[in-house]
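Okay, so here's the structure we're looking at.
The values are calculated or read from the model by the stated rules, or taken from the named source; none is laboratory data. Every value quoted in this text rests on a predicted model; they were computed, and no experiment measured them. Using ideal geometry, Cβ is built from the backbone for each residue, glycine included, and neighbour counts are taken over all protein chains shown.
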Amino acid sequence: MRPFDQPRTLGYLPRLYTTLALATLLSSCASFGPYHADTATEPFNSVRGPADGRYKLAFIEFGDQGSPLDNSQRKAALEVIHQAERPFLFVYTHGWQNNANSGDVCKFEHFLDTISSFPEATGRKVNVIGVYIAWGDRDLTFPGLNLLTFYSRKAVAAEIASQVSCLATLNELALAARDPSKKLHCCMLIGHSFGGLLLGNTISHSILDAGGAGARNSNPWDMAVAFNSADSSISTRQLLKERNYLYQYDSTRHAYVSKSSGGTVIPENRPFLVFLQSENDLATGAFFPIGTEFYNTIGLRYHWEKVPVPGHPGEKIPESEFYTHTPGNDPYLVNYRVVPLGDASAPSGLRATENRAFEANIVQYHPDYSFYTSEHNPGKENRYCHNGTYNPDLFPHSTAEELWRRWQFLSTGNDRVPVWIVRVPKDIIWGHGGLWSDNSVAMLAALFRMQFPLTTEGATTPPPIQAPSVPVLTQ
């Protein structure tokens, strides 16, 4: 062998490893989308549902800078809402490691299917509509490498929330559902993980505006719920502080009363925003503080201002406490807990055959904020997806598996403002991704009934507001 051949031989393996590493990285990059683009020949390609029309699922996809990837998707979703006489609209923003083509879509679709099958929905001829707000939260798919996207995807969620298009889309969808021509209506916003971050940051400024004019809520949606939000609690602390500045809790009236003369009174059961946090969520409870502390260390962030703690006059702590904890994992901010009341029996007269606690919670309002669950929480919501397609027959349900229990929302004594931050046992929400479990959905039904108690006339929804007609959107 000639002497000058040796360096070439020694350099072969490093080049091979580099080539393989680059090939692995490139092959693990997820497609950017849109996954459900509408076309001239298929103008409703972004909408799907069963042949009997018991529910509809629409997709609206956003890019990393907050711009829609396909403007016609919003037009298609609005058209579905306009065609419905009794729309019950669920607008869901997904979390980390998901997109418009992931298994999370199947779980949301199973949720819609379940809602549409309940006697309360079929008897009132409710039009169940879901809108899946998708964004690029899954840019690497290779196991292990996908964990490196935490900071970039968190930044993207914050970027989308700071732009105009997402809030405009939420407003327009909700307005369409509450058009005066509707015989029945409801709009619930739901966010999970980084989707909870996106939802919370998107609507927080609207929430602040809502209380300024003396009205309970000038926003067109009826409820907003964030599950296991993966945001720092800095903005949430500020939101609570501003609500504390405007309102004072009156225990005799069970209401938040404006501190200004002649101001508004908000019933305790009508919070602007609800954060639901699983007690065994390792992603936000353990890894989030580790990740943010590491970021602070490499960024040489050691000086933090001391800021007021909402509901604790005169107490100030370093703002790093709120930067390194999510809202539902910050002991200074959590103002409600779900506590067990023990085993229970199924109420009489239930007609549902699946997740009967949902029906039990939706047909009766409990002024003490108690509610039922009826499942062991086995995580069967993960089993309805086969090759990316929803199939409700993959896991048949049996009421023989039921485990009836009662729970109650109780105040922790922290700041009582019309923003609820709730710690939830793992029996209801298991871990970071357990929001679609039967018990979690049953709790969501209880929150809905708490916010909209049945009256003697049976009315459950707020009055309609004038909605604009569907605009002509171009690509």
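One table, with the values for the structure above:
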{"read-out": "Segment 310-320: number of residues that are closer than 29 Å to Gly433 by Cα and at pLDDT below 90", "value": "0"}
{"read-out": "Matching residues, segment 45-65, being touching a Ser or Thr at 6+ places or on another chain (Cβ under 6 Å) and modelled with pLDDT under 95", "value": "Arg54"}
{"read-out": "Condition broken by Ser102, with the remaining ones in (1) closer than 25 Å to Ile203 by Cα; (2) at pLDDT below 90 satisfied", "value": "(1)"}
{"read-out": "Number of positions in segment 399-445 that are farther than 18 Å from Tyr365 by Cα and in a helix (DSSP H, G or I)", "value": "7"}
{"read-out": "In segment 247-280, residue modelled with the lowest pLDDT [restricted to those that are aromatic (Phe, Trp, Tyr) and within 20 Å of Arg423 (Cα to Cα)]", "value": "Phe272"}
{"read-out": "In segment 313-350, the residues that are farther than 27 Å from Leu199 by Cβ and in a loop (DSSP other than H, G, I, E, B)", "value": "Pro313, Gly314, Glu315, Ala344, Ser345, Ala346, Pro347, Ser348, Gly349, Leu350"}
{"read-out": "Tally of residues being buried (at least 22 other Cβ atoms within 10 Å of the Cβ), part of a loop (DSSP other than H, G, I, E, B) and of a type in the set (Lys, Arg) across segment 351-365", "value": "0"}
{"read-out": "Boolean, Glu120 is surrounded by fewer than 19 Cβ atoms within 10 Å (Cβ to Cβ), touching a strand residue (DSSP E or B) at 6+ places or on another chain (Cβ under 9 Å), among the acidic types (Asp, Glu) and more than 25 Å from Arg383 (Cβ to Cβ)", "value": "no"}
{"read-out": "Leading residue by the ranking (surrounded by the fewest Cβ atoms within 10 Å (Cβ to Cβ)) among those in segment 52-107 that are among the acidic types (Asp, Glu) and in a helix (DSSP H, G or I)", "value": "Glu79"}
{"read-out": "Condition met for Leu198 (assigned to a helix (DSSP H, G or I), aliphatic (A, V, I, L, M), at negative phi and modelled with pLDDT of 90 or more)", "value": "yes"}
{"read-out": "Residue selected from segment 209-246 under the condition among the aromatic types (Phe, Trp, Tyr) and modelled with pLDDT under 95, by the criterion nearest to Leu89 (Cα to Cα)", "value": "Trp221"}
{"read-out": "Matching entry among Tyr247, Tyr256 (being in contact (Cβ under 8 Å) with a residue 60 or more places away in the chain and touching a Ser or Thr at 6+ places or on another chain (Cβ under 8 Å))", "value": "Tyr247"}
{"read-out": "Filter result for the condition that a residue is at pLDDT 95 or above, of a type outside the set (Asp, Glu) and more than 28 Å from Phe371 (Cβ to Cβ), over Val307, Val338", "value": "Val307"}
